[in-house]
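Below: the structure, in structure tokens.
Taken together, the values in this text are just the output of simple stated rules run on the coordinates, not laboratory data. What you are looking at is a predicted structure, and each value in this text was computed from that prediction instead of being measured. Glycine gets a Cβ as well: all are built from the backbone with ideal geometry, and neighbour counts include every protein chain shown.
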Amino acid sequence: MTATTGNSTGEQDPRAREAGESTAPPPASTDDLARVAVRRATDHLLRTQDPAGWWKGDLETNVTMDAEDLLLRQFLGIQDADTTRAAALFIRGEQRDDGTWATFYGGPADLSTTIEAYVALRLAGDSPEDAHMRRAAAFVREQGGLAASRVFTRIWFALFGWWKWEDLPELPPELIFFPNWFPLNIYDFGSWARGTIVPLTIVSAKRPVRPAPFAIDELHTDPARPNPPRPAAPLTSWDGVFHALDKGLHGFHRVAPRGLRRAAMNKAARWIIERQDNDGCWGGIQPPAVYSVIALHLLGYDLKHPVLREGLASLDRFAVWREDGARMIEACQSPVWDTCLATIALADAGLPADHPQLVKAADWMLAEQVMRPGDWSVRRPQLAPGGWAFEFENDSYPDMDDTAEVVLALRRVRHPDQARLDRAVGRGVRWNLGMQSKDGGWGAFDVDNTSPLPNKLPFCDFGEVIDPPSADVTAHVVEMLAVEGMASDPRAGRGVDWLLDHQEGDGSWFGRWGVNYVYGTGSVVPALVAAGLPVSHSSIRRAVRWLESVQNEDGGWGEDLRSYPEAEKWSGRGASTASQTAWALMALLAAGEGGEESEAVRRGVTWLAETQREDGTWDEPYFTGTGFPWDFSINYHLYRQVFPLTALGRYVNGEPFSVKGS
């Protein structure tokens, strides 16, 4: 467009041409770019708040959720054509050109995911002779066939007679009788694993088979020997010991006293029912809900029984229907997490603390505080409740991470009932302090959930099954304590010491719940500074140098999920993303690197501003969240909005308050 200088014709003033003067507007400064981006992002986030006060972005994982939903419907006999067609449309849309499926965007082909997706499409009517199906089956055979898949995949297939139950690791329901002090009791598992394993002990004991409508010989390397024996590990190794134990448990399955087994399954059923959420789900996540429905159904609960009826209804609420008619299943839903992060982002972007939408968000969060004991109280029976969970309805498993971030969010709101807010915050702080592990750090859901034994079980070949302290959760709790004026509290000091002790040699921190070292570092540096460490501290300077060293040429930051299994190659390396760039900026700004004098900050802010869409959003196909590092990855669709706004807001407005009342 040609600039005008008052000439009504819109042409350039000839005097300006003669003088050689440029009439193009001067390039926008980094500050100007940031302010525009903040305004756009703020407007977008305010538009997307639910009238009830919460925010929730889609939680995208991989097609195993969708495949297992169809397998569940097939097993229970509740298929319907519309759901099957919509699920198949989504699954086909996620298949790559080579016929495979991955567990995250741009990731390598995954055998078990490809197997489950393939069989789901067969249930939907796709022919094994179709080109896309032939490519998938060929990949499966090349990788060792069904026999090489993970245990969970083979459990699903055993339900239909595609795999032998006796060739699966044994999970005896008598495990429910083991006291809390006994090695390998159910509370040695992380909350997510515990909620899955208890119902699976019933399934393992019942060993049901409901014959499938077709064979899957094309997924075996040798259909004549579909269940080849796996090589035994030497008894001198842990693997060998636990495989020998598994062999003994298979023998026990054949001779287990009927009365004892029946009592164990009944106790497990009561345990399951007691933990059903008010919305019918279990723990607010899909896997425990699916296996709980199957287990109770095998014990004789009719599908119209209130427990199962509400359980199945809760699974339908995990469905996201897309404009093209496809149906994606979320593994869980994240409204509490999304709402507290959105509140922090808007407040740090400069929205008034008494803005009606922030007050509405605070009201919603206050109503979500968990006020009854859950599984965490097994290890802390005297501790009063007061945490927050991740989901809409989940009173059994509040977590330290959500609780810390909710407190940080609430402290940014000027609420008309300040006494109510103070009481809620006080309960949350006391609960988090009571959940500190003995080493000074904080896990996500439980205290001292660090036994090495659960991970040794042959059954546990997929994802984390324990919940030890992590740098990101510990950092968020330490930051919360600092904001509450408790930085000098010995418990906060132990948390700071834990963080300093767990810094990596290159200056970064490992990220348990976000990808990965960029997330860990982006979480820890602001916490340490808030807790009183000077920005000149050697740990802070090493973190800054590491972040500067891994900044991409385009000015952003990114980290591929492959940094979990291959840290030396992928740590801090990957395509730039909005959320990871924001995490790096949040750390650098906290470390005193703000202002245009910091080239790394200036380039990062510019990248965020220039990649923002006109509607105030960012695009982010990459997965930057985790359920289990590497094994189960998450694309939180709201991360791409809340974290860039937080970082840009802090760049424009300065760091948020660091101590209570400041």
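With an 8 Å cut-off on Cα pairs and a minimum separation of 6 or more residues, tell me the relative contact order of the chain in percent. Relative contact order for the chain comes out at 16 percent.
Based on Cα coordinates alone, diagonalise the gyration tensor for segment 364-425, multiply each eigenvalue by 5, take square roots, and list the semi-axes in whole Å, largest first. Walk me through the numbers on the way to the answer.
Values: eigenvalues 93, 29, 19 Å².
Square roots of five times the eigenvalues give 22, 12, 10 Å.
Determine the gain in length on full extension of the stretch Asp316-Leu500; use 0.36 nm per residue of separation and subtract their C-alpha separation, reporting nm with one decimal. Numbers along the way, then the final one.
On the way: separation 184, 0.36 × 184 = 66.24 nm, distance 4.42 nm.
This chain segment gains 61.8 nm when fully extended.
State, as an integer percentage, the relative contact order of segment 466-591 based on alpha-carbon contacts under 8 Å between residues 6 or more apart. About 26 percent, as a whole number. Rounded, prolate or oblate, given the Cα gyration tensor of segment 141-243, with a/c below 1.5 counting as rounded? Oblate. The Cα center of segment 430-485 and the Cα center of segment 131-187 differ in position by 27 Å.
In segment 214-352, the convex hull through the Cα atoms has an average projected area of 16.9 nm², a quarter of its surface area.
Among the lysines in the chain, how many pairs, 8 or more places apart or on different chains, have alpha carbons under 20 Å apart?
Values: Lys56/Lys360; Lys164/Lys206; Lys164/Lys247; Lys206/Lys247; Lys206/Lys267; Lys247/Lys456.
Going through the chain pair by pair, I get 6.
Less than 5 angstrom separates the built amide H of Gly161 from those of Arg210, all sequence-distant by 5 or more or on a different chain.
In terms of the Cα gyration tensor, with a ≥ b ≥ c the square roots of its eigenvalues, is segment 47-128 rounded because a/c is under 1.5, prolate because a/b exceeds b/c, or oblate?
Numbers: a/c = 2.44, a/b = 1.35, b/c = 1.81.
It is oblate, given that a/c is not under 1.5 and a/b is not larger than b/c.
Taking amide H atoms as placed 1.01 Å from N in the peptide plane, the amide H of Thr100 has no partner under 5 Å among residues 5 or more positions away or on other chains. Just check segment 521-607 against the gyration tensor rule for me: Cα atoms, a ≥ b ≥ c as the square roots of the eigenvalues, rounded for a/c under 1.5, and otherwise prolate or oblate depending on whether a/b exceeds b/c. Verdict is oblate for segment 521-607. Taking the centroid of alpha carbons for each part, segment 349-406 and segment 253-303 are 28 Å apart.
Could you calculate the FRET efficiency of Asp279 with Gln357 from 1/(1 + (r/R0)^6), where r is the beta carbon distance between them and R0 is 30 Å, rounded to 0.05? After rounding to 0.05, the efficiency reads 0.75. Its residue count N fixes a reference of 2.2 N^0.38 Å for segment 276-419, and the Cα radius of gyration divided by that reference is 1.22.
Can you tell me how much longer the chain between Ala244 and Lys569 gets when fully stretched, taken as 0.36 nm per residue apart minus their C-alpha distance, in nm with one decimal? Don't jump to the answer; show the numbers that get you there.
Working: separation 325, 0.36 × 325 = 117.00 nm, distance 3.68 nm.
Working it through step by step, the gained length comes to 113.3 nm.
To the nearest 0.05, how large is the calculated FRET efficiency for Arg96 and Asp615 if R₀ is 30 Å and r is the Cβ-Cβ distance? Please list the in-between numbers first.
Numbers: r = 29 Å, r/R0 = 0.98.
Efficiency computed from Cβ-Cβ geometry: 0.55.
Each peptide in 631-639, 334-342 receives the mean, over its residues, of other Cβ atoms within 10 Å, and ordering these scores from highest gives 334-342, 631-639. Please compute P(r) over all alpha-carbon pairs of segment 270-343, binned at 10 Å starting from zero, and give each bin as a whole-number percent. Result returned by the calculation: 19, 44, 27, 9, 1.
Mind grabbing the base-10 log of I(q)/I(0) for segment 385-535 at q = 0.08, 0.12, 0.15, 0.20 Å⁻¹? Debye formula, identical points on the C-alpha positions, no solvent, two decimal places. Values returned for q = 0.08, 0.12, 0.15, 0.20 Å⁻¹ are -0.23, -0.51, -0.78, -1.28. I need to check one value: relative contact order of segment 537-662, counting alpha carbon pairs closer than 8 Å and at least 6 residues apart, in percent. Over segment 537-662, the number comes to 25 percent. From the coordinates of this entry, Cα extents along the principal axes in Å is computed, and it appears in (1) 81, 67, 49; (2) 120, 66, 39; (3) 96, 60, 50 under the label (3). In this calculation the C-beta distance from Arg372 to Val535 is compared with R0 = 45 Å, giving a FRET efficiency of 0.60. Near the amide H of Val320, within less than 5 Å, lie the amide hydrogens of Met328, Ile329, Glu330, all on another chain or at least 5 residues away, with H placed in the peptide plane.
Between Ala138 and Arg207, the modelled labels are 3.8 nm apart [label points 7 Å from Cα along Cα→Cβ]. Please report the spacing between the Cα centers of segment 96-130 and segment 597-662 in Å, no decimals. Computed from Cα coordinates, the inter-centre distance equals 32 Å.
If you stretched the chain out fully between Lys438 and Arg262, how much longer would it get, using 0.36 nm times the residue separation minus the C-alpha to C-alpha distance?
Working: separation 176, 0.36 × 176 = 63.36 nm, distance 3.79 nm.
The span from Lys438 to Arg262 would gain 59.6 nm if fully extended.
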